[in-house]
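So the structure is just underneath, and the comments pick up after that.
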Amino acid sequence: NAKERKLRTELDRVVDFWLKYSHDKEHGGYFNCLGKDGKVYDELKYVWLQGRQVWMYSRLYRTMERFHRPEILEAAKSGAAFLQKFARVQASGGPGKCAFCLTRDGRTVKVQRTIFSECFYVMAMDELSRITQDKEIMMDRLIFWVQTDSSDLGRPQLPGDPPINSMAVPMMLLCLVDQLTEGRTDVAEKYKDLSGWCVERILQHIQRDGKAILENVTLNGKELPGCQGRLQNPGHALEAGWFLLQYALKKGDVHLQKTAVDKFMEIPFHTGWDKQHGGLFYFLDVDGHCPTQLEWNMKLWWPHCEALIAYLMAYGHSREPVLLDRFKQIYNYTFTHFSDEEHGEWFGYLSRQGEVVLDFKGGPFKGFFHVPRCLYMCEKLLDSLLERQDS
């Protein structure tokens, strides 16, 4: 009960922070780059973060009574209007391609040769459409880029850089399918094969005789050479774990439920938890080499968010006490290190020792998404646990 109240209070504070500081009343959309006290330190707007913020506002408005308020809906609509007006960049690589970064007034600054701006555009518009009934989807184009021909993304296929299975891509598509099919049996049937494809691709990342989750593998599920092949991202594996568990619970797939917990939660938690200082390492090398990523031993906010969701979901399903112990361990570290009691919201980037290194609350890669989604989902999961306990 105490943790549920804390999560509820924290979510309210986080929502209030972004409502107060991030809205651009002149040009629409949201400021992403916010200092520790909410002051805007850069006016660039990142399309994937704009989409995430629209999605989060819309989800809160639609599914939580206390957020069913006019200002939340208007906030979502403002961001969506900005995206619909400025996000698409037709000349950048075929129909449906979105910018990565825009000026304050919507002019394109940068286009990435990936699918993530487009994915969060789709997520945002679908969630908002469940309120407004105004649908706009480009999912089929995303599937074409991933499964058939990615040349429209503008990334040339070089002879020394063969295609790989990066876990982020099937995870993102599985997340999108879950979004699009919620409560829609006809759509679920349409994307049934895609869901299976995504799960199969994610499972290929179980390597080293089932003892490691690797971030990148070959297209046929083999280990890649070098640093790229040895890379581990514990937080990403934990996020994949709850994606898989959620899918497996809907399908009634007991074997996949066990795989999600044993392989994608327990393995990255045991290898990724810093036994000296606490918290999850950002990157690791499966063979124990020093990762080449300069931030490898830092503690970032979002892996801890995903770990909280993963273990609470796993405990809610199995009621195994050890899974609740894991949740409590991560919860205690997270709320004593990331949460800013003075100004609100969370810091995102800590040293290995747990000291704040970068004190901004929003930036090119941190927006209104991982923290509120974590708090929202954990509150929902705890409410469900408490209801079952009372009954």
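Quick check: at a probe of 1.4 Å, how many percent of the accessible area of the range 187-332 sits on carbon and sulfur atoms?
53
Could you give the accessible area per residue of the chain, probe 1.4 Å, as a whole number in Å²?
43
Please compute the modelled spin-label separation between A2 and R104, points set 7 Å along Cα→Cβ, answer in nm with one decimal.
4.5
Classify the range 107-194 as rounded, prolate or oblate from the Cα gyration tensor: take a ≥ b ≥ c as the square roots of its eigenvalues, call it rounded if a/c is under 1.5, otherwise prolate when a/b beats b/c and oblate if not.
Oblate shape, in that a/c is at least 1.5 and b/c is the bigger or equal ratio.
With a 10 Å cut-off between alpha carbons and a GNM built on the chain, which of P303, P234, P364 moves the most?
For the chain, modelled as a Gaussian network with Cα springs under 10 Å, the answer is P364.
Test of understanding: in a Gaussian network model of the chain with alpha carbons linked when under 10 Å, which of I267, I131, I206 would top the mean-square fluctuation ranking?
Most flexible of the set in this elastic network: I131.
Please return the longest range in the chain lying between exposed loop sites, taking trypsin sites (Lys or Arg not before Pro), DSSP loop only, at most 14 other beta-carbon atoms within 10 Å, and leaving the sites out.
Value returned for the longest uninterrupted segment is 320-391.
If Lys and Arg each add +1 and Asp and Glu each add -1, what is the summed charge of the other residues whose beta carbon sits under 9 Å from the beta carbon of F283?
Charge balance near F283 sits at -3.
Volume per residue, Å³, of the convex hull around the alpha-carbon atoms of the range 1-97?
122
Taking the range 1-45, how many lysine pairs are there with alpha carbons less than 19 Å apart, if each pair must be eight or more places apart or span two chains?
6
Given a Förster distance of 45 angstrom, what is the FRET efficiency for Q276 paired with H27, based on the Cβ-Cβ distance and rounded to 0.05?
0.45
Let me know the shape class of the range 347-391, please: from the alpha-carbon gyration tensor, a ≥ b ≥ c as square roots of the eigenvalues, rounded when a/c is under 1.5, otherwise prolate if a/b is greater than b/c, or oblate.
oblate
Where a ≥ b ≥ c are the square roots of the eigenvalues of the C-alpha gyration tensor, would you call the range 41-197 rounded, which needs a/c under 1.5, or, failing that, prolate if a/b is larger than b/c, or oblate?
Oblate shape, in that a/c is at least 1.5 and b/c is the bigger or equal ratio.
Take every Cα-Cα distance within the chain, group them into 20 Å bins from 0 onward, and report for each bin the whole-number percent of pairs it holds.
27, 63, 10, 0
So, counting K/R as plus one and D/E as minus one, what does the shell of residues with Cβ under 11 Å around K36 add up to?
Charge balance in the 11 Å sphere: -3.
Enumerate the calculated ³J(HN,Hα) couplings along the range 242-248 in order (Karplus 6.51 cos²θ - 1.76 cosθ + 1.60, θ = phi - 60°), each rounded to whole Hz, writing x wherever the residue is Gly or Pro.
Along the range 242-248, the couplings run 6, 4, 5, 5, 4, 5, 5 Hz.
Measuring from the lowest to the highest alpha carbon on each principal axis, how far does the range 284-379 reach, largest first, in angstroms?
Largest first, the range 284-379 extends 40, 38, 21 Å along its Cα principal axes.
Counting other Cβ atoms within 10 Å of each Cβ, which GluC sites (Glu not before Pro) in the range 1-42 have at most 11 and sit in a DSSP loop?
E26
The values are calculated or read from the model by the stated rules, or taken from the named source; none is laboratory data. On a predicted model such as this, the values are computed, not experimentally measured, just so you know. We place every Cβ from the backbone using ideal geometry, glycine too, and count neighbours over all the protein chains shown. Quick note on the areas: whole protein, heavy atoms, side chains included, nothing else; ligands and nucleic acids left out. Shrake-Rupley method; radii C 1.70, N 1.55, O 1.52, S 1.80 Å.
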